[in-house]
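Participant: Let me begin by handing over the structure; questions about it come next.
Since every read-out is calculated from the coordinates, none of them should be taken as a lab result. Quantities reported herein were computed from a predicted structural model and do not represent experimental measurements. When we count neighbours, we look across all protein chains shown, and the Cβ atoms used for this are built from the backbone with ideal geometry, even at glycine.
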Amino acid sequence: MDKLHRSRDKVLAGVCGGFAERYGWDKAIVRIIYATAMVFTGFFPLGLIYIVAAIVMPGADD
């Protein structure tokens, strides 16, 4: 399997797309699930996780 990386097919930073590519899932479904979970948790915990992942995960070209 490939290493985890941010996707080139970005909506924001490519984090959800990177997870979807890594595990062979549909990118749209991962993004919808993550956005829905962010709304229901009040944005703070998952929003912070997304920002940290965007900083820590290497880009697709790296």
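Participant: Using unit Cβ charges (K, R positive; D, E negative) and no other charged atoms, how large, in debye to the nearest 20, is the dipole of the chain about its Cα centre?
Facilitator: 100
Participant: For the chain, what does the alpha-carbon gyration tensor say about shape, rounded, prolate or oblate, given a ≥ b ≥ c as the root eigenvalues, a/c under 1.5 as rounded, and a/b over b/c as prolate?
Facilitator: Numbers: a/c = 2.26, a/b = 1.44, b/c = 1.56.
Judged from the Cα gyration tensor, the chain comes out oblate (a/c at least 1.5, b/c at or above a/b).
Participant: Still on this structure: What is the order of Phe40, Phe19, fewest Cβ neighbours within 10 Å to most? Don't skip to the end; give the middle numbers.
Facilitator: Values: Phe40 9, Phe19 20.
Exposure proxy ranking, most exposed first: Phe40, Phe19.
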